[in-house]
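Derivation of every value follows stated rules applied to the coordinates shown; laboratory data play no part. As the structure is a prediction and not an experimental result, all values here were calculated from the model. Glycine gets a Cβ as well: all are built from the backbone with ideal geometry, and neighbour counts include every protein chain shown.
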Amino acid sequence: MFLRIIFPFLLISLLNGQDFEYDYLIHGAKIIDGTGAPWFVGDVAIKGDKIVAVDYKLDKKKAKNFINAEGLYLAPGFIDIHSHARGGLLFDPTMENVIRQGVTTVIEGNDGSSPLPLSVAFSEFGKLQLGANIGFFVGQGSIRDSVMGWENRKATRDEINKMKKIVEDAMKEGAFGISTGLIYPPGSFADTEEIIELCKVASEYGGIYITHMRSESNKIMEAIEEAIEIGKKAKIPVQITHHKIVGRSNWGMSVKTLLRIERAREEGVDITLDQYPYTATHTGITVLIPNWAMEGGNDSLIERLKNPMLRSLIKQAIIENMQSDRGSGDPANIQIGSCRWKPEYQGKTLAQILKERKLEVNFENAAELVIEIVQNGGAMAIYHSLNEDDLQRIMRFPWTMHASDGGVAKPGMGFPHPRTYGTFPRVISRYVKELGILTLEEAIRKMTSLPAWRLKLFNRGMIRPGYYADIVIFDYNKIKDKATFENPHQYAEGVVYLWVNGVLTIENGKLTGKTGGRILKRGEF
């Protein structure tokens, strides 16, 4: 009688204490391993933070948790090599808009802007419950600012040595390389030789050079030549980030840019690209302001605008930018994004605002409106200045990766570009399913093993035993981006499960409340 009473409790105790071989066994998924190879049906097992087995059939009894994924696709978690996530981590460290896209790793410090020193950023962000992994480039613009401020002049040898020391420190701290934003002051004030000197230091530590080039419009070929020259002379891999062709008069130039990049690879330059799948850019309204007027920072710009002669020169440069660059020939192509001082402008184009004021829609009035916005606190803006043919041509290029150029966002906060919510599902939904520009396997390669290879993350980006368990499972029939230019605050759909370092973060399409993100550093495995 005693045994009959105690046996069920003994059995429960034994089962609870069982040392399962797997924490999770995912059964029957269509596995896309990240290499570009065709999918196959199989099982994947996770133990701790690693993938421990991949086979056609694994023993269910060895698993603590069993997930039937029949009919769903399983892939490595997506890697966003161009992210601006850091600004939003304090209000949403879970990065819901990011992980709902299937992204498990974001790389920050792009466009020449990064925190300094990186060790402090690593310490502070490491205290957060991160929803995805995060790594950093060190930003050349931030480095120059810390040594020279916003001075528009050639750096002295002493200043270059100081900047090189900052690069060296950042690389030792774990930076993946150095970034530039050569249309943004103060980084834009540097000449090519200065950048080469800094890149040589990053190269010594195995880093890469990722660049927002000096021009993506009228002088794009010159800008590509500069990037290639830096790669050659610094002996460093080059990533042309968010490659695009800006301005209607330049559309079609991707034929020439891709040929030149391919030829550079034949010449021995390790050069690759990334891209977001939208025909509009997103940056501050000051991108329309000429660089010379930005010397000294925003306060100096405001003072120059008080000078009638300088104001006239600045205004003319704004008009030229709207005609042949970001405005692509029409004020209606410039849409105001986040605008704290005037939120009613958010989502409206310059043309719409002028019409509401009963003003004629022309470049003269649009330039005056831009100046007014700058003087009153500025704004972000969305520039509808790209062409779908160029976008698709660049996307097909075998060395192009998918990346968002987006940040962390929460519904109701500001007015972001829809790429912030939809980049990776959009590639699958529109460019794989709808248009057939890429196969699903190739699209996944460009989101996973290709950026992992570029960053030398040799333990992520593929479904392999021993790799970290960054895994996404999605419903191919349901995955899609919902964010639009009119209503950007909409989460993507279709991600059913997501693991980050073996932590189940999304289950049956819902956040579990658990997070597994880590600070990633170059060379750490």
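Computed on the chain, with alpha-carbon pairs under 8 angstrom and 6+ residues apart, the relative contact order is 20 percent. R0 = 35 Å: FRET efficiency of LYS200 with ALA37, Cβ-based, nearest 0.05? Efficiency for this residue pair is about 0.40. In summary, the aspartates and glutamates within cross-link reach of LYS478, defined as a Cα separation below 14 angstrom excluding same-chain residues under 8 places away, comprise GLU434, GLU493. One Cα centroid belongs to segment 209-238, the other to segment 67-99; the line between them spans 30 Å.
Derived scalar couplings between HN and Hα for segment 467-473 equal 7, 4, 7, 9, 9, 10, 10 Hz in order, rounded to whole Hz, by the Karplus curve 6.51 cos²θ - 1.76 cosθ + 1.60 (θ = phi - 60°), x for Gly and Pro. Figure legend: label point modelled 7 angstrom from the Cα of ARG265 along Cα→Cβ; residues of segment 25-52 with amide N under 15 Å from it are 36. Listed by chain and number, the lysines placed with their C-alpha closer than 20 angstrom to that of LYS235 are LYS164, LYS165, LYS172, LYS200, LYS456; residues fewer than eight positions away on the same chain are left out.
The distance between label points at MET413 and VAL255 comes to 4.5 nm (points 7 Å beyond Cα on the Cα→Cβ vector). Think of segment 283-383 as having a plus end and a minus end, set by charges on the Cβ of Lys, Arg, Asp and Glu; of GLY378, ILE314, GLN346, GLN346 sits farthest toward the positive end of this dipole.
Potential lengthening of the chain between GLN129 and GLU368 amounts to 81.6 nm, from the contour at 0.36 nm per residue minus the alpha-carbon distance. Put simply, when 468-481, 71-84 are sorted by average Cβ atoms within 10 angstrom per residue, most first, you get 71-84, 468-481. Note on the chain: Rg/Rh from Cα positions, Kirkwood definition for Rh, rounded to two decimals, is 1.02.
Remark: segment 283-383 carries a charge dipole of roughly 220 debye about the Cα centre, counting +1 on each Lys and Arg Cβ and -1 on each Asp and Glu Cβ. Near TRP251: Cβ cut-off under 10 Å, other residues only, Lys/Arg at +1 and Asp/Glu at -1. The net charge is -2.
Sparse packing (at most 13 other Cβ atoms within 10 Å of the Cβ) combined with a DSSP loop state is found for the following GluC sites (Glu not before Pro) in segment 43-124: GLU70.
Model label points for MET221 and GLN375, set 7 angstrom from Cα along the Cα-to-Cβ axis, are 4.1 nm apart.
Sorting the segments 210-216, 300-306 by their residues' average number of neighbouring beta-carbon atoms within 10 angstrom, most packed first, yields 210-216, 300-306.
The calculated FRET efficiency for SER312 paired with GLU344, based on their beta-carbon distance and R0 = 35 Å, is about 0.75. Rounded to the nearest 20 debye, the dipole size of the chain about its Cα centre is 880 debye, using +1 on the Cβ of Lys and Arg and -1 on the Cβ of Asp and Glu. Look at the dipole of the chain built from charges on Cβ: of LEU305, ILE261, ILE160, the Cα furthest out on the positive end belongs to ILE261. Protection proxy ranking of 132-145, 225-238, 338-351, by the mean of other Cβ atoms within 10 Å over each peptide's residues and highest first, is 132-145, 225-238, 338-351. In segment 283-383, the convex hull through the Cα atoms has an average projected area of 5.7 nm², a quarter of its surface area. Working from label points 7 Å from Cα in the Cα-to-Cβ sense, the ARG153 to SER119 distance is 3.2 nm. At a Förster radius of 30 Å, what calculated FRET efficiency corresponds to the Cβ-Cβ distance of LYS233 and GLU320, to the nearest 0.05? Using R0 = 30 Å, I get an efficiency of 0.40. Measuring between their Cα centroids, segment 350-389 and segment 454-477 lie 43 Å from each other. Each Cα pair under 8 Å and six or more residues apart adds its separation to the average, and for segment 82-231 the resulting relative contact order is 23 percent. Among the DSSP helices (H) of the chain, those spanning at least 15 angstrom by Cα along their long axis with an average Kyte-Doolittle hydropathy of -1.0 or more are 2-16, 192-204, 220-234, 254-266, 308-324, 363-375; this is a geometric and hydropathy rule only. Cross-link partners for LYS355 among the lysines, with Cα-Cα distance under 24 Å and sequence neighbours closer than 8 places in the same chain left out: LYS315, LYS342.
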